[in-house]
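Asks: Sending over a structure as structure tokens; questions will come in a sec.
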Amino acid sequence: MQDRPSQQDKARPIDAVSRVDALRLMLASHIAAAQSVAAAESEIDAAAELVAGTIAAGRTLVYAAAGSSGLMALADASELPGTFGIPQDRIRIAMAGGVPADGRMPGDTEDRTEDAAIIAQDMQPGDIAIVLSASGTTPYACAMAEVVARCGCKVIGIANVTGSRLLTLSDIAIASPTGAEVLAGSTRLGAGTAQKIALNMISTQAGILLGHVHEGLMVNLKPDNIKLRQRAADIVAQIAQVSRDAAKQSLERAGYDTKLAALMAAGADEITARALLERSNYRLRDCLGDLPGKDTKTN
């Protein structure tokens, strides 16, 4: 049995090959989509720096897109508060037609260019928008980029067609050309994969730049359920090199502020820990380096 689709199979529609080869063609398209993101590495890094600076300055990050691209934007935006502790009111989701609470996503909403002006009227200088469109020509997405720019705000554009209109309207243009889909026109496949990867890279790099990642750990997560409280305890225990029970106690005393709890578990009193965090702009690595007599990882 072949591990990869043959060149002959690649030239045939997915409904004209065997079932296993159809699945292999789909998987191959996702792998190729992931590889397409590599060419935009420098733009993705620049986008992450802009996002981090915007959040650090207390400004707002707007995600704007329609259809499948909107779902990719929604997934990334919704995870930022829990994963990196980004204040919920600093994140806005401007999905054409609104977020589909009932699972219905009418196609005509991507043509509503007038909605872009309504979204952008609340933006202030210093805010930024991440605008997505697989084709780079979606009317709603392009209108968003235009009105956001007129508001004096920066635009990060993500599209799967190099040189497309959205990218020409963007301050930072991220192109990941995925080519023809194995299911013609279904941008939830290859294009969606490339967009999700680019968004993941931008937001994770921004989290690192903001100091919300330490030793590969999510030190600014919001532990608002049982699983995340256990994870926070493991994080504190690993950083401060204490038992899990000691870590839990520190978390309780710190009001489940993971960074604060890590410093308290490492030996700092609450007042000192808060002062260290404020002085270091809440970068845990710098704080740990200032703790006397503790053998914690700081490199």
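The values are calculated or read from the model by the stated rules, or taken from the named source; none is laboratory data. Computed from a predicted model, the values in this text were never measured in an experiment. Cβ placement follows ideal geometry from the backbone for every residue including glycine, while neighbour counts extend to all protein chains displayed. In case anyone asks, the SASA skips ligands and DNA or RNA and just uses the protein heavy atoms, side chains included. Shrake-Rupley method; radii C 1.70, N 1.55, O 1.52, S 1.80 Å.
Asks: Going by average Cβ neighbours within 10 Å, how do the peptides 127-137, 45-55 rank, with the highest at the top?
Replies: Listed from highest to lowest mean packing, they are 127-137, 45-55.
Asks: Using 24 Å as the Cα-Cα cut-off, could you pick out the over-long pairs in K222/K248; K196/K248; K227/K259; K227/K248?
Replies: In this structure, K196/K248 exceed 24 Å between Cα atoms.
Asks: While we're here: Across all directions of projection, what mean area in square nanometres is found for the Cα convex hull of the stretch 157-299?
Replies: With the hull built on Cα positions only, its mean projection is 11.6 nm².
Asks: Taking the Cα atoms of the stretch 21-149, report the difference between the largest and smallest coordinate on each principal axis, in whole Å and largest first.
Replies: 50, 33, 27
Asks: Quote the accessible area belonging to Y256 in square angstrom, nearest 10, computed with a 1.4 Å probe and with ligands, DNA and RNA left uncounted.
Replies: Approximately 60 Å² of Y256 is accessible to the 1.4 Å probe.
Asks: What are the ³J(HN,Hα) couplings of the stretch 233-247, residue after residue, when phi is run through the Karplus curve with 6.51, -1.76, 1.60 and θ = phi - 60°? Round to Hz, x for glycine and proline.
Replies: 5, 5, 5, 5, 4, 5, 5, 8, 6, 10, 6, 5, 5, 5, 5
Asks: Which order, highest average first, do 64-70, 157-163 follow once you tally other Cβ atoms within 10 Å for each residue and take the mean per peptide?
Replies: Put in order of decreasing packing, that is 64-70, 157-163.
Asks: Where the centre of each part is set by its Cα atoms, how far does the stretch 100-136 sit from the stretch 204-256, in angstrom?
Replies: Comparing the Cα centres of the stretch 100-136 and the stretch 204-256, I get a distance of 35 Å.
Asks: Rank by packing, highest mean first: peptides 244-254, 113-123, with packing defined as the count of other Cβ atoms within 10 Å averaged across residues.
Replies: Ranking the peptides 244-254, 113-123 by packing returns 244-254, 113-123.
Asks: Can you pull the semi-axes for the chain, root of five times each eigenvalue of the Cα gyration tensor, sorted largest first, whole Å?
Replies: That gives 39, 25, 16 Å for the three semi-axes.
Asks: Which whole-Hz couplings ³J(HN,Hα) result when phi for each residue of the stretch 268-283 is put into the Karplus expression 6.51 cos²θ - 1.76 cosθ + 1.60, θ = phi - 60°, listed in order with x for Gly and Pro?
Replies: 7, 6, 4, 4, 5, 4, 5, 5, 4, 5, 5, 5, 9, 6, 6, 9
Asks: Who wins for biggest fluctuation among I14, I197, I86 in a Gaussian network model of the chain, springs between alpha carbons below 10 Å?
Replies: Between I14, I197, I86, it is I14 that shows the largest mean-square fluctuation.
Asks: Could you report the accessible area of R283 in Å², rounded to 10, computed with a 1.4 Å probe on the protein chains as they sit in the structure?
Replies: It works out to around 80 Å².
Asks: Taking every pair of alpha-carbon atoms in the stretch 141-215, give the share separated by more than 14 Å as a whole percent. Please list the in-between numbers first.
Replies: On the way: 1850 of 2775 pairs.
Everything past 14 Å amounts to 67 percent.
Asks: How much accessible area per residue does the chain have, counting only protein heavy atoms and a probe of 1.4 Å, in square angstrom?
Replies: 49
Asks: Moving on. Mind listing the Cα extents of the stretch 84-126 along all three principal axes, in Å, largest one first?
Replies: Sorted largest first, the three principal extents are 32, 23, 11 Å.
Asks: Looking at the P(r) of the stretch 179-222, how many percent of alpha-carbon pairs lie beyond 11 Å?
Replies: The answer is 68 percent, as a whole percent.
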